[in-house]
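Below is one structure, written out as structure tokens, with a few remarks after it.
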């Protein structure tokens, strides 16, 4: 009787262990990304030593107390906006279009005037109630980007520094034949602004084009960062001209699958120059539910960041 009971308990234990294993397998499969249709193993090109140096310089995210203080400041700014008076920001000035001649104090004179209106510059920044961002900028620094394109890319990145706040962190990566991490995840604070600007100035356009290398460096930094802001995004700034051609988007999908990054993130792509390849850039953006934008001039830069 005792032996039968012992066997029964042993069978139950084995069955429970099998069920637990099945549940773990289900959880693992549900959290992992599905393999792309045209999947192929991408040869890695990561320089681990370079990354370790960058990771050691990563800025921590703001702690809860700092975030609370910033939220209080944002609430005060919001209250100031609610008390906004248009007359405090717009000055009207009447300028006569000709010198009036008045013959008598009793006589009424009609004089045509020109109204000039001057406004104080509005603050260009993203909504204050949004979540902090970890932003990876993967920047095409190949020869096809030289000249006007590279100049517009630099302006785009400087505009980002202007509108992001010091809770946001930015990682800058360039690529041509090879990729290089210019900065680790640095908070967009006054202390870091000069380093970020210096890195941006290095974007000149030279060498070949290995987009897949730049994206892999971005994924590696994203996966191995020590801390994480609530929102993660990758920006690919390029003309889409790559030696892999239409196959590039499939290779990006394979790379994303290999890295199995647990956190949600999007990839937005930005095309520079009239000769950019919109199909390639659009398909890359689709891999992670992002959008593609054509950056024609500096005005377009201010448009896409608000969407």
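The values are calculated or read from the model by the stated rules, or taken from the named source; none is laboratory data. Remember, it's a predicted structure, so these values are computed and weren't measured experimentally. A quick note on method: Cβ atoms are made from the backbone with ideal geometry, for glycine too, and the neighbour counts reach across all protein chains shown.
Select from segment 184-200 the residues that are closer than 15 Å to residue 141 by Cα and touching a helix residue (DSSP H, G or I) at 6+ places or on another chain (Cβ under 7 Å) and list them in ascending order.
Scanning segment 184-200 gives a single hit, 200.
Taking residue 232 as meeting all but one of (1) in contact with a strand residue (DSSP E or B) (Cβ under 8 Å, 6 or more places away or on another chain); (2) part of a loop (DSSP other than H, G, I, E, B), write down the number of the exception.
It is condition (2) that residue 232 fails.
Taking residue 216, is it closer than 26 Å to residue 53 by Cα and either crowded, with 23+ Cβ neighbours inside 10 Å or without any contact (Cβ under 8 Å) to a residue 12 or more places away in the chain (or both)?
The answer is yes for residue 216.
Here's a check for you: in segment 201-214, which residue that is in contact with a strand residue (DSSP E or B) (Cβ under 6 Å, 6 or more places away or on another chain) and outside any loop (DSSP other than H, G, I, E, B) is nearest to residue 141 (Cα to Cα)?
Going through the qualifying residues, I end up with 214.
Name every residue in segment 168-192 that is in a loop (DSSP other than H, G, I, E, B) and crowded, with 19+ Cβ neighbours inside 10 Å, in order of residue number.
168, 176, 188
Check segment 190-203 and report whether any residue there is in contact (Cβ under 8 Å) with a residue 60 or more places away in the chain and under 18 Å from residue 283 (Cα atoms).
No, every residue in segment 190-203 fails to be in contact (Cβ under 8 Å) with a residue 60 or more places away in the chain and under 18 Å from residue 283 (Cα atoms).
Would you mind finding the one in 284, 256, 261, 267 that is under 21 Å from residue 42 (Cβ atoms), part of a strand (DSSP E or B) and modelled with pLDDT of 85 or more?
Within the list 284, 256, 261, 267, the selection yields 267.
Considering only segment 254-284, how many residues are touching a residue at least 24 places away in the same chain (Cβ under 8 Å) and under 21 Å from residue 149 (Cβ atoms)?
16
Only one of these is more than 30 Å from residue 131 (Cβ to Cβ), in contact (Cβ under 8 Å) with a residue 40 or more places away in the chain and surrounded by 17 or more Cβ atoms within 10 Å (Cβ to Cβ): 251, 229. Name it.
The unique qualifying residue is 251.
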